[in-house]
Amino acid sequence: MPDSVVLQVDGASVEAVRGESVAAALMRTGSRVFHRSRTGEPRGLFCGIGSCYDCHATIDGRPHVRTCVTLVRDGMTVETKS
Amino acid sequence: MSVDVTIVGGGPGGLAAAAAALDAGLRPTLVDENHTLGGQYLREPVTPAARSLGAASGLAREVSELKRRAIGSPQLEAVAFDAGRDGIRVARRGAISTLPPPAILAPGATERVVPMPGWTLPGVVSCGAAQALAKAFGVPVGASVVVAGSGPFLLAVACQLMEVGARVVAVVEAGRPAPGLATGLIRDTGRLREAVSYLSRLAGRVPIMTRHAIVELRGGESVQNAVIARLDGDGRVRHGGHIRLRCDAVCLSDGFLPATELGELAGLGVRWDPHTHTWNLAADPLFGNTKIPNLHAVGAAVEPLGGAQLAAASGALAAYTLAKRLGAQLEPRAEARRAAAERDARRRLRFAGALRRAYRTRAEWYQRTLDDTIVCRCEDVRAGEIREAARDGIGDVNLVKRWTRAGMGLCQGRTCGATMCELVADATSRHPDEVGRLRPRPPLRPLPAALLAADGGSL
């Protein structure tokens, strides 16, 4: 099994390491903004352990998916509104 | 005899409980919501980059040993979302099941972060988030990082950040750890070595500023500056002499908040801890005994300062205690291991007492939460709205929640609940244990409505 997978993040191809979380893949490539808050503020990773829900993004069309506890998959699409 | 025992939480407490349960002849079923066992403290490296760091501590070996012994078939990615007399309700892979008592709860804790203006900026994370990124994936949260808050966890995270190549701009500690800490550390040589090793790795490379705190974070789409102020001995901000540090990430931690929700739904009480300003699950901190005979609770949810070591010792002790109450006869070697766990737990508990005296959570810290600071990150409710509601006579945080929507979002108040208590208490000149606390409501995590409906909608 190859060690890397490719995600589509806001339409761009991003290489990620198999086994890592979506949040880790985004942070490693310098992405910080994962969604906009209710009042339009940029938000990203915060608690990192699945508790605060502030790292959510739209993954494979599903909104409000926690990127910190979701592992990368080849071909996964991530929409961050950044 | 072979009795099933449900264990919730795959961190040090739950793993040790599972290993001891097997040792005592019980059949443990361990559930954890993560992809891997270990919880937060024992988070295993997942990627090659993280594995190459190779800091195979004694504890890492301990945990792989625990995992090997404890785990027949753990249920991972299993969300314990409700509890009642008939057991723990667990959602896993689109199905719901009820795991019956007896049970040992080891749900752990989340981090306290005292909000200040700008803390919602991307790049500002909890120390636990930075640690998870570093340990599991070898990813630094930023290139130039300020680590701030209070507690020995700051030092550990600063070291881990350096290991993955980040520059730690400063460690900013609100307290000034009292001499009591040294005495306590000597009682627990393992943790003494750990503390000394962190300090020696930081010495000369990272400024450690005690009695300082971040009062503001600035940036556009992500954090760029941290403004640091001096604190007085009570934790109040002193005027003048603010320092600005450039950074591209900030890690915050002001202690730990026990995850009491599942235990409360199961019928357990909580008690106020005036040193940590937390509500802890009401259980014996050594044996995990609670007011419900077949239900034990251990770890950070009971003693937020106990660390992984007390969690592991009391987890094991709880399982042996439960087995004996169920009529198990321990073999001599198992009895020896039980006795060793008891000695270990007593020692670790004494250390937690020393830590309690050295680091104190201060109500004054929340003066940094200025009125325009967002408190509820889910619903974007600001501190001023919460204070105003409290001053207008809404004195209970559950009513403040309904009035302001703070605590009503996806995280169900886990992130803002403690802050709400402090703000409401301060605004009405009461103690935080006098203003109520957000009541946990099932499901404890958002679940698909179809899943709950298919299960009969019994919530």
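The values are calculated or read from the model by the stated rules, or taken from the named source; none is laboratory data. As the structure is a prediction and not an experimental result, all values here were calculated from the model. Don't worry about glycine lacking a Cβ; one is built from the backbone with ideal geometry, like all the others, and counts go over all protein chains shown.
Once the stretch B:355-382 is narrowed to residues that are in contact with a Leu (Cβ under 6 Å, 6 or more places away or on another chain) and part of a helix (DSSP H, G or I), the residue that is nearest to B:ASP273 (Cα to Cα) is B:ARG356.
What strands (runs of 3 or more DSSP E) completely inside the stretch B:210-301 contain at least 2 residues that are touching a Gly at 6+ places or on another chain (Cβ under 6 Å) and crowded, with 24+ Cβ neighbours inside 10 Å? Don't jump to the end; show me each part of the working.
On the way: elements: B:212-219, B:223-230, B:243-246, B:249-253, B:256-258, B:270-273, B:278-281, B:295-297.
Hits in the stretch B:210-301: B:249-253, B:295-297.
Here the stretch B:364-420 is the region considered, the condition is being within 18 Å of B:GLU216 (Cα to Cα) and small (Gly, Ala, Ser), and the residue that is surrounded by the most Cβ atoms within 10 Å (Cβ to Cβ) is B:ALA383. None of B:ALA308, B:ALA300 is modelled with pLDDT under 95 and within 25 Å of B:GLY128 (Cα to Cα) except B:ALA308.
If you go through the stretch A:1-13 and keep only what is of a type outside the set (S, T, N, Q), within 16 Å of A:LYS81 (Cα to Cα) and either touching a His at 6+ places or on another chain (Cβ under 7 Å) or in contact (Cβ under 8 Å) with a residue 24 or more places away in the chain (or both), you end up with A:LEU7, A:VAL9, A:ASP10.
Filter the stretch B:1-18 down to residues that are among the hydrophobic types (A, V, I, L, M, F, W, C), buried (at least 24 other Cβ atoms within 10 Å of the Cβ) and either within 17 Å of B:GLY307 (Cα to Cα) or out of contact with any strand residue (DSSP E or B) (no Cβ under 8 Å at 6 or more places or on another chain) (or both), then give me how many there are. Spell out how you get there, then give the answer.
First, pick out the residues of the stretch B:1-18 that are among the hydrophobic types (A, V, I, L, M, F, W, C): B:1, B:3, B:5, B:7-8, B:15-18.
Keeping just the survivors that are buried (at least 24 other Cβ atoms within 10 Å of the Cβ) gives B:5, B:7-8, B:15-18.
From what's left, either within 17 Å of B:GLY307 (Cα to Cα) or out of contact with any strand residue (DSSP E or B) (no Cβ under 8 Å at 6 or more places or on another chain) (or both): B:15-17.
Result for the stretch B:1-18: 3.
Checking the structure you have, find out if any residue of the stretch B:393-413 is among the basic types (Lys, Arg), within 14 Å of chain A (Cβ to nearest Cβ) and within 19 Å of the chain's Cα centre (by Cα). No.
The set of residues in the stretch A:14-57 that are in contact (Cβ under 8 Å) with a residue 40 or more places away in the chain and either within 22 Å of B:VAL114 (Cα to Cα) or among the basic types (Lys, Arg) (or both) comprises A:ARG18, A:ARG32, A:VAL33, A:ARG36, A:PRO42.
Answer with yes or no whether B:ALA83 is in contact with a Leu (Cβ under 8 Å, 6 or more places away or on another chain), more than 11 Å from chain A (Cβ to nearest Cβ) and at pLDDT 95 or above. Judged against the criteria, B:ALA83 is a match.
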